Each structure stands twice: as structure tokens, then as C-alpha cells.
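The values are calculated or read from the model by the stated rules, or taken from the named source; none is laboratory data. Small disclaimer: the values here were computed from a predicted structure and weren't measured. Cβ: placed from backbone, ideal geometry, glycine included. Neighbour counts: every protein chain shown.
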Amino acid sequence: MTNAALPSPKRAFEERLTHSSGILGRPSSRRWFLGQIGLAGLSLAATPAWSEQTVKLPLAGDPRDRPISNDFPQKRNVILQRTRPPLLETPLEAFDRGVFTPNEQFYVRWHWAVIPNAVDVGTFRLSVRGHVNQVLSLSLNDLVRGLPRVELVAVNQCSGNSRGDFLPRVPGAQWAHGAMGNARWTGVRLRDVLDRAGIKSGAIQVRFNGLDEPVVPDAPDFMKSLEIDHARDGEVMIAFAMNGEQLPLLNGFPLRLVVPGWYSTYWVKMLSDIEVLDKPDNNYWMTQAYTIPDTPYANIAPGQTGVKMVPISRMVPRSFITNITPGALLPAGAPTVVRGIAFGGDTGVAKVEFSSDAGKSWQPTKLGTDYGKYSFRQWETSFAPVGMGNHSIMVRCTNTANVAQPDTANWNNSGFMRNVVEAIPVAAI
Ligand SMILES: Nc1nc2c(c(=O)[nH]1)N[C@H]1C(S)=C(S)[C@@H](COP(=O)(O)O)O[C@H]1N2
Ligand SMILES: [Mo]
């Protein structure tokens, strides 16, 4: 068989999406099949059979030990933070292996535990309604075949990434740095979908809802909204693939919103309903949860009250050393390669600098391939630790808007938006 006779990956992907009856029966569609099986493994994970292997997270407080889990569908070697709803963290070494975070190690975060076990790709519909000229009910086929396809590499980061480093400590998932990931997203422009429905004048926001539901009836369903101009900026997309494969169920199969440069709370998963609003969305998830102090770096003093709060939005620059972990022993006087990843937040990476003397002096690093302004960017340099003993190594990203990471840590009650220059203690021997 010649290569030309093989279906292209794109074609094969379309076939998986459009032949729903054949999907379950066709062994060649194994990945898609897994998406159908869904969360069957979740009930198993509720019994503590997982904890043979653990990881020690370099957090400010206990517990630092976390199990490594293989008990969730389509996930392997992830750090278990919580079982129901699933909170799974990406181990740091996944970020050292490449600029794209593998789907099976991509972190997972849900607010409510009622998540469909499976989604039938044949009957699934995305509704577009509200302040529109024409209500739409779109099948996956309509989206995949009927609209221009777009692709974008972007970092998905939880607002509370690195919350475990907040001092004084704050409640919420005690994430280390692995509540983030970088992927190539494939889908359609939200704008194209909205234009097909036709937005009526007077529309001000667009609200997104997924198939997950609260565990008790009066709890607020998870929904997020964007301003109409943001929703129509041509960058916000409805993704149906991630790193060239269908979305893992736990990352939002079959559709999720991608809001480049914005914290992932807006990246609504299992997206099934889009409502154009002519009034501001005052739902709990917009006005109570995911708000930050309206101060530089969302920073306040612990205990400070009377602070104006605003919805969290754009991300800020961050960078990480991925090949040297806290407490590492390095050869004194000999060159050591140091590398990692950086991202600019809501814009690209301009430069990444490295310090081996706790921030007194900085050296430039070499940047890796540029996959676009919303992507991780790899960086690398080398240094020779001067003298034996303890050192603090650091890395600092400056983005293309000339915003650099701060050298003191922010603090707020929710543990949001950490982006301080991180210090890694090492010893030269
Ligand atoms: N439907 C739905 N979408 C959601 C959420 C949710 O609870 N339900 N959580 C949001 C938050 S706060 C985060 S951090 C991201 C996590 O995305 P991931 O699980 O794909 O990493 O999903 C976002 N989208
Ligand atoms: Mo989040």
C-alpha cells in the first residue's frame, strides 16, 4: 500500500467524528472508543487502590506527599489531588520532556462531581440561543465539517496554579506548578458560530455552559461569560481536538471553549450551551467565585478587608526550571545545563533570564521554537555553581509587553495568580 492510500490524520479524525454508529464497533477507532467508555474508571478510583506510588511536592506546607494515579480514563501518571470531582495535576517532569503537554498527563479540574460518563457523538448538540436572530442546534458534524477550521497553541492554566505555595496558606486545591499545560487546540472560531446565529443588537455578553451538573439541585451550575467583543475577537475558539486527538473526556470531550491568554476558568468543558445575553451575567461563578483584588498582581495583605474585587481575566508571565528540582546536588565549578519553560501570559515571551546567585545577577538564556504568543516557550542555558554549598537558582520571564515576573510573591484569599520568580534551592558539592 502506498502512503497516498492511507487516510490523512485529519480525514481519519473527521471519520471518527461523523460515523457515530461505526465508532463503537470499529476497532481501528480505539482512541475514540475510549472517549465513549468515559468515566467508568472513576468509581474504581473511589477506593484507595492507587497509592503504591507517591510524589513529594515542594510545597510550603503539608501534606507534601501525593499519590501518582493511573486510575482515571485516558490519564496516566498524574498526581492525584482529589478523586471526586477529579483534580489531577501534571508532574513537573512532563514539562521537561517537551513544549506540548501530553494529553494523558494534562491536568484536570472540575467543580462538580456530576460529569457524564460518556457523550454520544451522534446525538450530542451544541445549542446557541438567547439574544440571537436564529437559535441553533449544532451537531459535531456541523461544527467539524461546516465551519472553517482553526488551530492555535495555547497554555491552559488554572487561576489557582501553585496555590500550595501561598503563605499564609489559603483553602482550595493545594496545587504545585502542575495545574497548567500547553496544547495545540483545533476547532472553530466562536465568532463564526455566533455569526451563524446572528447576534441581535443590544447583546453584551455570551454565557457558556457544559454538561456537568452540581451535586445538589440548588448549587450553582458552573457557567462562565465573556464580553461580546471578546467572544467575537476571532481567537476564542470552540475546540474539538487537543494535540491532534479528540479531547480526553476529563478535559472536556467533545467540545471545550479555548480563551487564549485567559485563565482556564473561562475554558468551559463539555460545552453544550451558548447563550447570548443582553444583561450582565451575575451568576455565582462570575461575581463571587474567581474574583481577585483589583490591585497590582491581585495582591493584598493577609486579613486586609474592604478591597474592590473584579473577575479574574488575563494571565501574567511565568517561568519554571524543569530539569533541576529543589534540593538537587550539582557539581561545584562544573557546567550544568539548566532548562525549562516560560510563557508570557496574555502575550508572547520576549526574554527569559537565569540567576544562580539568588537574583543578584542575571544571564540571558536561549529560547526554543516559537509556537505563537500563547504557547509555552522552552529556554536553556548553562552555569557553573561557584563554590560548594547552598545556592538559590531562579528564572525570570519578561513578556513582549515588557511585563516581567515580580520578585516578591503576591497574596490573596483565593490563592490566585501566583507569578513570582520562583527560587529553587540547590547544593553544589
Ligand atoms: N464544564 C466545566 N468547565 C470547566 C470547569 C468546570 O468545572 N466545568 N472548570 C474550569 C476550570 S476552573 C479549570 S482550571 C479548567 C481545567 O481544565 P482541564 O481540566 O482541561 O485542565 O476547566 C474549566 N472549565
Ligand atoms: Mo481553575
Exercise for the section: Select from segment 397-409 the residues that are of a type in the set (S, T, N, Q) and in a loop (DSSP other than H, G, I, E, B) and write down the one among them that is nearest to the chain's Cα centre (by Cα). Expected result: Q405
Fill in the blank from the handout: When restricted to A183, A176, the only residue touching a helix residue (DSSP H, G or I) at 6+ places or on another chain (Cβ under 7 Å) and either within 13 Å of ligand 1 (Cβ to nearest atom) or not hydroxyl-bearing (S, T, Y) (or both) is A176
Problem - Yes/no for S272 being hydroxyl-bearing (S, T, Y), assigned by TED's automatic domain parsing to the domain that holds V78, away from ligand 1 (no atom under 11 Å from the Cβ) and out of contact with any His (no Cβ under 9 Å at 6 or more places or on another chain) - result: no
Problem - Candidates N390, N412 - the one that is in contact with a helix residue (DSSP H, G or I) (Cβ under 6 Å, 6 or more places away or on another chain), among the polar types (S, T, N, Q) and either part of a loop (DSSP other than H, G, I, E, B) or over 14 Å from S319 (Cα atoms) (or both) - result: N412
Exercise for the section: Would you check if there is a residue in segment 144-154 being assigned to a loop (DSSP other than H, G, I, E, B) and in contact with a Phe, Trp or Tyr (Cβ under 9 Å, 6 or more places away or on another chain)? Expected result: no
Exercise for the section: Looking only at segment 225-239, decide whether some residue is within 10 Å of ligand 1 (Cβ to nearest atom), at pLDDT 95 or above and either crowded, with 22+ Cβ neighbours inside 10 Å or among the hydrophobic types (A, V, I, L, M, F, W, C) (or both). Expected result: no
Handout entry: Candidates R149, R97, R84 - the one that is farther than 22 Å from M315 by Cα, within 16 Å of ligand 1 (Cβ to nearest atom) and not assigned by TED's automatic domain parsing to the domain that holds R377
Key = R84
Fill in the blank from the handout: Exactly one of V78, V128 is of a type in the set (A, V, I, L, M, F, W, C) and touching a residue at least 40 places away in the same chain (Cβ under 8 Å), and that one is V128
